[in-house]
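First the structure, in the form of structure tokens, and then the observations on it.
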Amino acid sequence: MNVFVKIDSDQVSVVDSQTNPSLMVTFNFDFSESQLNEGDQFLINGIDFELRLSTGSFSTETALINQKVNSGTKLYQDVKFKISSGFKTFIDQNKPFKAPVHLKFNVKMYVMTLRTSSGSMGNEMKLVDIFNTNLNQDISIPYSTWNDQIVGPLYGKYDTVYVPHFDDKSPYEHASNEMKQAESYLHAGDYDKVVAHCRSALESLKRNISILKDTIESKSENEWFDKNINLTNNWLKEIVATNQKVSNKAHHPPSFGHFNKSSAESIYMICIALLYYTGENIKP
């Protein structure tokens, strides 16, 4: 039995986001290459749909469709995958910093082959074969689609933010690495460590700014960078001071509870903006 399955990225979306959120996926089956003897038909009794994720979590749904198909038939099946805690973790890991997002689907189809034959009561269908067929489909979802159709309904709209990359010997490299660590903790949900690494990035910028300032010819620009690095650093110190022991990064268990997700994301964005703007305007 030759059957093809296809999933278009724009046919993946979140439904019932406020009550019982599910991932709605439309599977497109094409039987045009199936070779059947004249008078034969396939009877699709049911289909198992499995969604596999990089987090190791998966969701399985079964559709009992009892659908007869011939060569050339095209079949469309909408399937809802419940958004479990494991799936939410996967979404958090792909929101909003990585693109595209990859999903893996396994499909198992339960099929009978029926044959039309003449009998005493006229034409009748007889069972001639029972078999299963397995199909795999991997899809790549563009970030814009993932943001609009998956992240948006669940969390609200996000924009893509990239951590700037600098050469290994650049004065910005240490700060950039600290922000990458902050990003990894953001995905892991340890928001105190996000803030700690943001603070380390600012400290690194402050240490190196005296070297970089020599490249600025304009006195006003020189003063602007000096002032804003220090102001931002002092601002973050004040925030951390109200949440003592938050900024001790790594080397011991996560310190959950001091900063929430939205606060950590806001601080992360501000530090990324300062690092990016400084790196673009002060060249070593």
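The values are calculated or read from the model by the stated rules, or taken from the named source; none is laboratory data. Please read all numbers here as calculations on a predicted model, not as lab measurements. Cβ placement follows ideal geometry from the backbone for every residue including glycine, while neighbour counts extend to all protein chains displayed.
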*Going by the conditions given, is residue 17 under 27 Å from residue 100 (Cα atoms), of a type in the set (Gly, Ala, Ser) and assigned to a loop (DSSP other than H, G, I, E, B)?*
yes
*Of all residues in region 157-198, which are modelled with pLDDT under 80, closer than 23 Å to residue 54 by Cβ and in contact with a Leu (Cβ under 9 Å, 6 or more places away or on another chain)?*
163
*Hey, any hits in region 57-64 for a residue that's part of a loop (DSSP other than H, G, I, E, B), touching a His at 6+ places or on another chain (Cβ under 9 Å) and within 30 Å of residue 184 (Cα to Cα)?*
no
*How about region 25-44: which of its residues are crowded, with 16+ Cβ neighbours inside 10 Å and in a strand (DSSP E or B)?*
25, 27, 29, 40, 41, 42, 43, 44
*Of all residues in region 45-54, which are assigned to a loop (DSSP other than H, G, I, E, B) and surrounded by fewer than 16 Cβ atoms within 10 Å (Cβ to Cβ)?*
54
